[in-house]
Amino acid sequence: MANAIVVYRGKPKVNSWARWMVGRTMKQNKNNLISVIGQTGSGKTYTAISICEIMSKMDGVPFGIDNVVFSLRELMDLINSGKLKRGSKIIFDEPQVSISAREFQSEANKVFNYLLSTFRHRNLTLFFCTPFETLLDKNSRRLFHARFETMSINRNNNTCRIKPRFIEYSDFKTDAYRKQLIVMFKDESGRNKSQKLFYWDVPKPSNELIERYEKKKLEFTNNLNKNISERLKRFDESGKSLTAEQKEEVVKRKPLTPTQERVMKVLASVKESNKFERASEILRISMSAIHKNKTLAEKKGYLVEEFKENDD
């Protein structure tokens, strides 16, 4: 099993997590995909902005407000703009504001698969700020390298305490291993020491970036509200409702075959980590047939989660 490790020749310094991320992009030819989670107003975006500033001071790669995006389209436009350099940082802020969870899952899976291959060559860092990790399906969440959870804001010293964890997945375990960063250093006597970092008190970002971020977010929110108003007006004029449209979209899905429906129901009911193997045993068909029918059902617009029975 791998560990996240930072090595100092002497005493350890602050912001070791930033040092670890910079080392991955600038020395190890890797990328960083970091989820920043927490309740609304808990300091997620400010924390991500501050970390980007700290990393920029370490690697010399500038970070500006243009690298904060609010939608999948903005994210892809930025990546394809040709403006990003090795070590550039991107913040994807509150994606659930502009796109529904169901629509997001289908689009985000495509985008994050693209990002995985892109980041390998570009050595970029993406902070994904959202209160809900479940906006991404399990396969997409497995792409992330770390998870930063906001815990509390200290207004006396203008810091936000986060619980950062290195994430590692195993083929034999459904849930991820969440590990602390290990800091290795030498004490005053020259002896090797190591310690784990359980928390990180991230300082408040610069006032200049805060002001620019709030302005950009306000513009985005105003445009979003305007688009929603125009859409509602369009539906009022046509005599339809958003609910009616959503129902029509569901009806347009092609029906599942009996085998596809059985596969989706069994996969939704299996609680073991080896879902496909258990489904194969229950339905008495090969694992390749399980995969094939699940893929065909998903192409028709169905998700396994739809077939879960309530525990009530």
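Please give the peptides 159-166, 297-304, 4-11 ranked by average Cβ packing (other Cβ atoms within 10 Å per residue), highest first, as a rough proxy for protection.
Per-residue Cβ counts within 10 Å, averaged per peptide and sorted highest first, yield 159-166, 297-304, 4-11.
So how do 225-234, 266-275 stack up, highest first, on mean other-Cβ count within 10 Å?
Per-residue mean Cβ counts within 10 Å order the peptides as 266-275, 225-234.
For the stretch 56-64, take each phi angle, set θ = phi - 60°, evaluate the Karplus expression 6.51 cos²θ - 1.76 cosθ + 1.60, and give the result in whole Hz per residue in order, putting x for glycine and proline.
Taking θ as phi minus 60°, the curve returns 5, 5, 7, 9, x, 8, x, 10, x Hz for the stretch 56-64.
Tally Lys/Arg at +1 and Asp/Glu at -1 over every other residue whose Cβ is under 12 Å from the Cβ of Leu126; what's the total?
Within the 12 Å Cβ shell, the charges total +1.
Tell me the net charge near Asp93. Cut-off is 12 Å between Cβ atoms, Asp93 excluded, with +1 for each Lys or Arg and -1 for each Asp or Glu.
Surrounding charge for Asp93 is 0.
Determine the sum of side-chain charges near Lys27: Lys and Arg each +1, Asp and Glu each -1, restricted to other residues whose C-beta is under 14 angstrom from that of Lys27.
Combined, the nearby Lys, Arg, Asp and Glu give +3.
Just so you know, all these numbers are worked out from the coordinates, no wet-lab data involved. All values reported here derive from a predicted model rather than from experimental measurement. Quick reminder, even Gly has a Cβ in these numbers, built from the backbone with ideal geometry, and neighbours come from all protein chains shown.
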